[in-house]
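Step one of this worksheet: look at the structure below.
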Amino acid sequence: MKQKHLRIIAVAVFIVILTISSIWGATATELPYVQDGLEACYLGNNNTGSGQDTEATTWADLSGKGNDIINVLKDDNNYFTDNAYLLDTSKTYFPQAVVDVVNGQEFTVELVLGELKSLGQQYNTFINSNNDYFALFRRLSDDYIEFKNYTNSRPQSAGGLDYFTNSTVTITFKVGGKVTMYVDGVQIDQKDAVNPIGADDLWFGHDHETRNYEAEFLSMRFYSVELTAAQVEANYLGDLEIFYGDDDSSDDTSDDESEESEESEESDESEEESSEPSAESSEDESSETSAPQTGDESRYILYAVIAIAAVLIIATSLITGRRKA
């Protein structure tokens, strides 16, 4: 009889563990991003994992790995809005787990920015380390976007202000392979990656007058693997879905229609007719921006509470039964 009671308790405990595990895993599996190697994911319009708290000073990691950013500055110039973390002349450190990711043999870093106002005298530095081995920045003298990665050659390109405004910037890296820069899912530049980076720490934003700015941080993601070009593009489409309620398929359609219009006037006229309703629907979709669906965590928490209560009831019943016996 005693063994039967122990088996009941064991089953109940297993249910509790399984339910709690589902709480941690639900967020990551329902995000519209590549999951393989995802070590940290921060969303500007869902900073708690179950909604947006504009008073928050912790930025929850939605990957399920628990790599939250703590001590996020909140003052009159730096704070969470409904859709982003608005940063103005400040910097916040990432947890050590994120530093370990960028110091690995391969990684991917993705930065999603909204509006950007340049304030710095020489640079706008978005992600940096104290030893300056890792630096993703814009150089003001020639308006270049650039990624400094220790002693390796730096991917870079003209057009930095546009590339860092309302866009997704992705860096993929693999020792013995390539370090590649993408903007909105499109490769911009690529160099050889010879040595691992070895950053001593890592932060986002900058508080020095030579490197500062005001910007909306919509999202940041860190992977312990080098994403493929197709995966980078897929994540960009995920950003469009989450932050603009849209995807990039309409752009592809318009490109195809534009090519066809050069072949004949008739097709050009038909395209104009067909494009009007699609444009209206695109505007409707983009206007309906909402927080991403990262799982109904309250439902899982309720299940966990019920399961824990069941364990306590069973245990209490067994103890009471033994005392009566």
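Annotation: extensible slack from residue 97 through residue 55 equals 12.6 nm (criterion: 0.36 nm per residue apart, minus Cα-Cα distance).
Amide H contacts of residue 61: 67, 68, 69, each under 5 Å away and 5 or more positions distant or on a separate chain (H built 1.01 Å from N in the peptide plane; Pro and chain starts excluded). Can you tell me the FRET efficiency between residue 192 and residue 76 if r is taken as the Cβ-Cβ distance and R0 is 51 Å, rounded to the nearest 0.05? Efficiency, from the Cβ-Cβ distance: 0.70.
So which of 91/174; 65/91; 148/174 end up more than 18 Å apart by C-alpha? Listed pairs above 18 Å: 91/174; 65/91. If R0 is taken as 41 Å, the Cβ-Cβ distance between residue 230 and residue 201 corresponds to a FRET efficiency of 0.80.
None of the figures in this text is laboratory data; all of them are computed from the coordinates on show. None of the values given here were measured: they were computed from a predicted structure. All Cβ positions, even for glycine, are placed from backbone atoms using ideal geometry, and neighbour counts span all protein chains on display.
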